[in-house]
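J.: Here it is: the structure, laid out below.
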Amino acid sequence: MIQAEAKNVNFYYGDFHALKDISMTFEPSSVTALIGPSGCGKSTFLRLFNRMNELIGNTRLEGLVTVDGKNIYDKDVQVDEIRKRIGMVFQKPNPFPKSIFENVAYGLRVNGINKKSILDEVVESSLKKAALWEEVKDNLKKSAMALSGGQQQRLCIARALAVEPHLLLMDEPASALDPISTAKVEDLIFELKKQYTIIIVTHNLQQAGRISDYTGFFYLGSLIEHDKTQKMFLNPADERTQSYITGRFG
Amino acid sequence: MKRFRRLFEKFIEGILLSSSTITSLTVILIVLFLFREGLGIFNRSPLEHNFIIAVSKQNPVQDLSSDQLKAIFNQDITNWSQVGGKNDSIILFTVNDITNYFTEEELGASLEYLPQKLNEFIVSHPGALMHISDKNLPSDFQGHTIHVKNISVKDFLFGKQWYPTSEPIPSFGIWPMIIGTFLVTLGALLIALPLGLATALFLAEVADIRLRNIVKPLVELLAGIPSVVYGFFGLIVIVPMVQSTFKLDVGETVLAGSLVLGIMALPTIVTIAEDALRTTPRSLKEASLALGATRWQTLRRVTIPYAKSGISAAIILGIGRAIGETMAVLMVTGNASNVPHSFLVPARTLPATIAAELGEAPYGGLHFKALFALGIVLFLFTIMINLTVAYVRNKERK
Amino acid sequence: MTRKQLSQYIAFSSFTIISLVVVGILFVILGFIIVRGASVISWEFITGMPEEGMTKGGILPAIVGTGCLILGSMIFAFPVGVLSGIYMNEYLSDNWFRRFIDFMTNNLAGVPSIVFGLFGMALFVNYLGFGDSIIAGSMTLGLLTLPVIIRTTEEALKSVDDSLRTGSLALGATKLQTIRKVVLPVAFPNIITGLILSIGRVSGETAPILFTVAAYFLPNLPHSIYDQVMALPYHLYVLATSGTNMEESRPMAYGTAFVLIVIVLLMNLLANFLRKALGKRVKM
């Protein structure tokens, strides 16, 4: 079974050819790590799956991107409907300058759900899934800005979970955090993969090794290798993957 | 050599430092000169310099207010008993009356007998009230001067009459101008706010980069057009339009002023509000969009709340611009000195009054000082606006 | 279409329409003045003296007067503004003094132009005894435009990358050398742009010159800085509101408004052109 797929994808920023003929599939309830040196296109690739690249003008996409078997770039697809089904966690924690409760409830509210009982329930379950409930349950009215960096990032994960996405995109979710917060977020990802399909971009190879089932290595806009993580870290097929993993460039 | 260089650098730094103090110095000088001239209107008699009001020594009345004096000169008050004196009718005697009472021979070729004649007059007319220059008074004057109550700040701010040149007592009430300025500004805001904020939202969130690069310079160009050109356009186009639309006798009205001012305040509001909207971090907007919010929901729930203080600053600065604008308003509002009671009557604003009248006010006279006092009021408005903006922006930083 | 998409559609469409209205207003004003004014423009209009109670002839003295005022105010305001912009951005850290000067500069920027007129009259015309003169008017206009020049200078300096400064300082250059040789050349195009835009502003100001320099009518061109001059914006005001024969002087008014608009447009174009041309030079 395939949860998400990219087929012969080419992507351009103006004249710049950012992604070159990439095909990749993602299985349900798996974690796929996208690795590669800066500027290799891994973040751009990730953002194809919730059409975030459209926010920058003058871009062009060729090829097919499907989620749950549906082409998300189809003309009759409403972009906000797509994004609702696909959660995203960003590099830096970016909570809204609102209360903790309102942050988590945001996705429901913009989709027309305002009933207090539902909101209460979803906020609690989302915060529990994000392993933050115990820390904030007495302070839901407090501003999210008062939380620590690690707490903020888990709040952003809870916020993404609240709309019950099928697919979770994570763009270097731990890169701005200290080691202890990073460990907590990694534990969380491990927990979450039971229910969600996760694609995570990371710079941290150990992290990729620890949490992912599959790894894709990007280099200069191309997907060099895509395989089981264990296989790829122990016995990569391509020389460039070998060099990157052993730290010869990066 | 090294030492010379160090000295040289210090010297240059000194020049830079003194340049940077010039703006502060100018503000201080503005305050100083405005107050020096403008405060002269307060705590002094409303009579022109050298002029006095004199009555017979037997008259018990010691002081009169400006209003009482005006009533006497308008002959609304004709008996001394009405102002606390004896039951005796008031006989007015002003400079203009001199030749009615005395012939030229009696006064002498260069009026050398005038003081003596005045003395005779005050003695023979116990009910007389003289308005006369103190230079003409004899040293052994047989009457006493009346103390006229000073112009108070309250009279000045809330007085409903502005007759700066009326004789013998001018009126300096600026209430009509305050209300006029307020109404014109209010109308301008009602026009400029919806248009300006919508344009700012369009530029910041709706327009693609190409369209923005066309529209934004055009809006900035709108800011560059001189106010007198706006006034001219208003006079030729907007005033007749207002007149025919509402079937008025005159088109020069508060509404015409508001329309012109509204257009003029647009660029201020658009540019500052747009800048404020752009300060919202991209990551917040992306987070909202990633949760399935539409761009409009993101704008309403994330971007606008985040930029709130910047947008408020834009509105306040727009108000400041509208309050201080002179020429355009002067040309289209008709400058009637009554308190305006609707948008469809003529009115005058504080700055327009200064511009229209300062040229005719004799240097150093009461009228001249009153116009500087108007300047003080206007200046205080500006300071208030700036303090509010500083406060709003400061709150944002926290 | 879902409800939220419909409401986005309505909101964004109305923003677009309103923006078009705003741009439309600009075109109506410009178009009106340009169409009516262009037919008046001729060589005689630009180079001739007003004739027959200002209903015929040209506006040369007003053009010359405005030129004098631009020159005079810039000679004063440009160096002072740029120097203080440099001091505020490069020397002052964020302390009380900086905030005080900032606040005062903002205040000065917010002072209504008519108050500048009052102030100029009290200080330059009366107290310093210059009388109604080019120097009094120029100083008043110069002070008025000072905050604009300071702000643009500051903005221009702020946009210079800090690594350039540290790079230069690390090589042993003094602060002043760094500013002169590294910072200013990079910031120069934007500073010049600010200067040109403030020229546009100065040329159109009326209220500050009403009581400091502007003359209703003068048969001669000015000979010294202590002479009164006619000026374009005041001339337009006079023609529009208090000419001896307003109906007959209307074409002259259109022509004067046209010249004013053209100056502003030219300054905007020039500023854009210079920003691009000089910007390229610095990049190389």
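J.: Cut-off 10 angstrom, C-alpha nodes, Gaussian network model of chain A. Which of A:F45, A:F96, A:F218 fluctuates the most?
T.: Fluctuation is largest for A:F96.
J.: Give the total of Lys-Lys pairs in segment B:51-149 with Cα-Cα distances below 24 Å; include a pair only if its members are 8 or more places apart or on different chains.
T.: Counting lysine pairs in segment B:51-149 gives 11.
J.: Compute the separation of the alpha-carbon centres of segment A:35-99 and segment A:134-179 and state it in Å as a whole number.
T.: 19 Å
J.: Still on this structure, please answer the following. Report D for segment B:175-397 in µm² per second (integer): Stokes-Einstein, Kirkwood Rh on Cα pairs, 10 °C, 1.306 mPa s.
T.: Estimated via Stokes-Einstein, D reaches 84 µm²/s.
J.: Quick one: angle between helix C:3-38 and the longest Cα principal axis of chain C, in degrees between 0 and 90, rounded to 10, please.
T.: The two axes meet at around 50 degrees.
J.: So, one more: For peptide C:97-105, how many partner chain Cβ atoms fall within 10 Å of a residue's Cβ, on average?
T.: Per residue, the number of nearby Cβ atoms from other chains is 4 on average.
J.: Could the peptides B:190-198, A:148-156 be put in order, highest first, of the mean number of other beta-carbon atoms found within 10 Å of their residues?
T.: Packing order, densest peptide first, comes out as A:148-156, B:190-198.
J.: Among B:G359, B:V377, C:I149, pick out the residue whose Cα is farthest towards the positive end of the charge dipole of the protein assembly as shown, where Lys and Arg carry +1 and Asp and Glu carry -1 on C-beta, about the Cα centre.
T.: C:I149
J.: Then there's this: D for segment B:51-149, whole µm²/s, Stokes-Einstein with Kirkwood Rh over alpha-carbon pairs at 20 °C and 1.002 mPa s: what number?
T.: The Stokes-Einstein estimate is 156 µm²/s.
J.: What does the structure give for B:230-239 when I average, per residue, the other chain Cβ atoms found within 10 Å of the residue Cβ?
T.: 5
J.: For A:K116, give me every one of the aspartates and glutamates with a C-alpha distance below 19 angstrom, ignoring sequence neighbours fewer than eight places off in its own chain.
T.: A:E102, A:E124, A:D138, A:E164
J.: Test of the criteria: in segment C:1-106, which GluC sites (Glu not before Pro) are in a DSSP loop and have at most 16 other Cβ atoms within 10 angstrom of their Cβ?
T.: When the GluC sites (Glu not before Pro) of segment C:1-106 are filtered for loop state and at most 16 Cβ neighbours within 10 Å, C:E52 remain.
J.: For chain A, list the DSSP H helices whose alpha carbon atoms reach 24 Å or more along the long axis and whose average Kyte-Doolittle value is -0.5 or above?
T.: Helices meeting the span and hydropathy rule in chain A: none at all.
J.: Among C:I86, C:I18, C:I34, which one moves the most in a GNM of chain C with springs linking Cα atoms closer than 10 Å?
T.: C:I18
J.: By its C-alpha gyration tensor, with a ≥ b ≥ c as the square roots of the eigenvalues, how is segment A:22-96 shaped: rounded for a/c under 1.5, else prolate for a/b larger than b/c, else oblate?
T.: rounded
J.: List the lysines whose alpha-carbon lies under 19 Å from that of A:K20, not counting same-chain residues fewer than 8 positions away?
T.: A:K7, A:K42
J.: Please average, across the residues of B:358-365, the number of beta carbons from any other chain that are within 10 Å of each residue's own beta carbon, and give a whole number.
T.: Other-chain Cβ atoms within 10 Å of each residue's Cβ, averaged: 2.
J.: Aspartates and glutamates near B:K160 by alpha-carbon distance under 17 Å, same-chain residues fewer than 8 away left out - which ones?
T.: B:D67
J.: To continue, here is another question. If the viscosity is 0.692 mPa s and the temperature 37 °C, what Stokes-Einstein diffusion coefficient in µm²/s follows for the protein assembly as shown when Rh is the Kirkwood radius over Cα pairs?
T.: The diffusion coefficient I find is 99 µm²/s.
J.: Which residue, C:H235, A:N53, C:I17, has the largest displacement toward the positive end of the dipole of the protein assembly as shown when charges sit on each Cβ (Lys, Arg +1; Asp, Glu -1)?
T.: Projecting each Cα onto the dipole axis, the largest value belongs to A:N53.
J.: Rounded, prolate or oblate: which one fits segment C:1-139, using the alpha carbon gyration tensor with axes a ≥ b ≥ c (rounded when a/c is under 1.5, else prolate when a/b beats b/c, else oblate)?
T.: It is oblate, given that a/c is not under 1.5 and a/b is not larger than b/c.
J.: Further question on the same structure: Hull surface divided by four, with the convex hull built on the Cα atoms of segment C:65-209: how many nm²?
T.: 9.2 nm²
J.: Report the semi-axes of the equivalent ellipsoid for segment C:55-121 in whole Å, largest first, where each axis is √(5λ) for an eigenvalue λ of the Cα gyration tensor.
T.: Taking √(5λ) for each eigenvalue gives 35, 16, 7 Å, largest first.
J.: Continuing with the same structure: Dipole magnitude of the protein assembly as shown about its Cα centre, charges +1 at Lys/Arg Cβ and -1 at Asp/Glu Cβ only, in debye to the nearest 20?
T.: Approximately 3900 debye in magnitude.
J.: Ok, one more. Show me C:160-167, B:218-225, B:295-302, A:24-31 ranked by packing, highest mean number of other Cβ atoms within 10 Å first.
T.: Ranking, from highest mean packing down: B:295-302, B:218-225, A:24-31, C:160-167.
J.: While we're on this one: Let me make sure I get this right: for chain C, a, b and c are the square roots of the gyration tensor eigenvalues over alpha carbons, sorted descending. Under 1.5 in a/c it's rounded, otherwise prolate if a/b > b/c, else oblate. Which is it?
T.: Judged from the Cα gyration tensor, chain C comes out oblate (a/c at least 1.5, b/c at or above a/b).
J.: Would you calculate a helix-derived [θ] at 222 nm for the protein assembly as shown, using -39,500 (n - 2.57) for each DSSP H run of n ≥ 4 and dividing by the full residue count, to the nearest 500?
T.: Counting only the DSSP helices, I get -17500 deg cm²/dmol.
J.: Most mobile of C:G31, C:G85, C:G172 per a Gaussian network model of chain C (Cα springs, under 10 Å)?
T.: C:G172
J.: For chain A, what does the relative contact order come out to in percent, with C-alpha contacts under 8 Å and a separation of six or more?
T.: Computed over chain A, the figure is 28 percent.
J.: What are the chymotrypsin sites (Phe, Trp or Tyr not before Pro) within segment B:306-398 that DSSP puts in a loop, where the Cβ has at most 12 other Cβ atoms within 10 Å?
T.: In loop regions of segment B:306-398 (DSSP not H, G, I, E or B), the sparsely surrounded chymotrypsin sites (Phe, Trp or Tyr not before Pro) are B:Y363.
J.: Now, a different point. Between segment B:129-175 and segment A:196-245, how many Å separate their Cα centres?
T.: With segment B:129-175 and segment A:196-245 each reduced to a Cα centre, they are spaced 94 Å.
J.: Report the relative contact order of chain B, percent, no decimals, based on alpha-carbon pairs under 8 angstrom and at least 6 residues apart.
T.: 20 percent
No lab work stands behind these numbers, since they all come straight from the coordinates. This one's a predicted model, so the numbers in the text were calculated from it and none came from an experiment. With ideal geometry, Cβ positions are generated from the backbone for all residues, glycine too; neighbour counts draw on all protein chains shown.
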